[in-house]
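Input: a single structure, listed below in structure tokens.
The values are calculated or read from the model by the stated rules, or taken from the named source; none is laboratory data. The model shown is predicted, which means the values in this text are computed figures rather than measured ones. Note: ideal-geometry Cβ built from the backbone for every residue, glycine included; neighbour counts use all protein chains shown. Keep in mind that these areas ignore ligands, DNA and RNA; they rest on the heavy atoms of the full protein, side chains included. Shrake-Rupley method; radii C 1.70, N 1.55, O 1.52, S 1.80 Å.
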Amino acid sequence: MATHRSCALWSYCGRRWSRVMRCCRLPGFRSSWPRGPLGARHLSQEKQATETHFGFETVSEKEKGGKVYHVFESVAKKYDVMNDMMSLGIHRIWKDLLLWKMHPFPGTQLLDVAGGTGDIAFRFLNYVRAQHKRKQKRQLRAQQNVSWEEIAKKYHNEEDPLGGSRVVVCDINKEMLKIGKQKARAQGHKAGLAWVLGDAEELPFDDDKFDVYSIAFGIRNVTHIDQALQEAHRVLKPGGRFLCLEFSQVNNPLISRLYDLYSFQVIPVLGEVIAGDWKSYQYLVESIRQFPSQEEFKEMIEDAGFEKVTYESLTSGIVAIHSGFKL
């Protein structure tokens with residue numbers, strides 16, 4: 001019993017000390033001090049540095065990156081179709097709720113990481129365009145003695161229908177970005193949209209650059225989640241917001257049993273029939289089970305430097321939206 005209390009105290013102190021060190025960093029200085037619990041440094045440090053999980057399989061960290069890349073390279077062309085089939089279309093509602101929670105305003109600079117096929121980016125562009133139009137109408141209604149000609153000019157000579165908003169889609173997989181660009185052309189998205197090939201663990205952007213960082217169904221595939229979270233904190237402006245939509249832990253025992261049955265018995269079969277790829281969807285199901293619970297992930301976000309961290313479970317905890325701020 002004493003040993004258990006000592007381990008718990010050591011882990012707690014380690015977490016608090018990492019936060020103290022983070023608060024004491026000098027401006028512009030990126031500390032290399034470990035940000036996780038200090039006790040973890042002493043537990044099989046060499047093994048932790050070289051091994052991780054790929055679904056239920058134990059692989060080297062270098063090997064995982066290649067395996068995950070191959071998974072998404074393989075499923076890219078059928079990715080959106082499979083999302084509809086696997087979730088029965090509910091993923092669209094989850095993503096809409098993410099945008100509703102984000103509530104971006106005209107001028108917002110968004111970084112959407114692991115957003116290759118553009119689902120979040122396109123929703124963002126449509127949202128801020130609608131917001132900008134509503135703002136424009138309010139301004140015109142507030143003006144007195146405005147001629148028809150002036151109103152027509154205001155609508156037809158609009159230089160930026162997004163009100164200065166921009167979204168950068170960053171993804172490590174070329175095939176996913178390729179599909180996203182094709183969808184953007186098909187849907188007529190041109191302005192305010194950029195595509196960047198980049199790694200979530202080492203983002204190719206300057207410090208304090210974005211107002212919002214979003215990542216939907218991507219962070220569980222990252223080898224070092226803590227490092228990706230630190231990068232998210234780095235590239236956000238002071239006052240910026242982190243938003244993550246990810247599969248999580250089901251909180252209803254009955255639904256949990258049904259969900260496991262559907263996940264392991266149906267989803268891989270759908271992957272084989274629709275995408276011709278059983279193994280990739282078996283991995284996706286397994287990776288969900290390896291991801292931290294809502295509370296555990298909340299602590300990881302806090303350890304990366306975010307404050308006012310909250311989460312909302314959706315569909316009995318099948319997914320959750322985590323939110324945090326860089327203050």
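Okay, here's what the table says:
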item: Count of the range 172-209 residues which are open to solvent by less than 30 Å² (accessible area, probe 1.4 Å), in a loop (DSSP other than H, G, I, E, B) and more than 20 Å from residue 305 (Cβ to Cβ); result: 4
item: Condition broken by residue 301, with the remaining ones in (1) within 17 Å of residue 226 (Cα to Cα); (2) at pLDDT 95 or above; (3) loosely packed, with under 15 Cβ neighbours inside 10 Å satisfied; result: (3)
item: Among residues of the range 97-114, those that are under 14 Å from the mean Cα position of the chain (by Cα) and outside any helix (DSSP H, G or I), counted; result: 5
item: Residue check for residue 249: closer than 28 Å to residue 327 by Cβ, part of a loop (DSSP other than H, G, I, E, B) and of a type in the set (S, T, N, Q); result: yes
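Conditions (1) in contact with a helix residue (DSSP H, G or I) (Cβ under 7 Å, 6 or more places away or on another chain); (2) hydrophobic (A, V, I, L, M, F, W, C); (3) in a helix (DSSP H, G or I), marked per residue:
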position: 95; (1), (2), (3): yes, no, yes
position: 116; (1), (2), (3): yes, no, no
position: 120; (1), (2), (3): yes, yes, yes
position: 128; (1), (2), (3): no, yes, yes
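Residue-by-condition table, conditions (1) in a helix (DSSP H, G or I); (2) surrounded by fewer than 19 Cβ atoms within 10 Å (Cβ to Cβ); (3) hydroxyl-bearing (Ser, Thr, Tyr):
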| residue | (1), (2), (3) |
| --- | --- |
| 259 | yes, yes, yes |
| 262 | yes, yes, yes |
| 272 | yes, yes, no |
| 279 | yes, yes, no |
| 296 | yes, yes, no |
| 313 | no, yes, yes |
| 320 | no, no, no |
| 323 | no, no, yes |
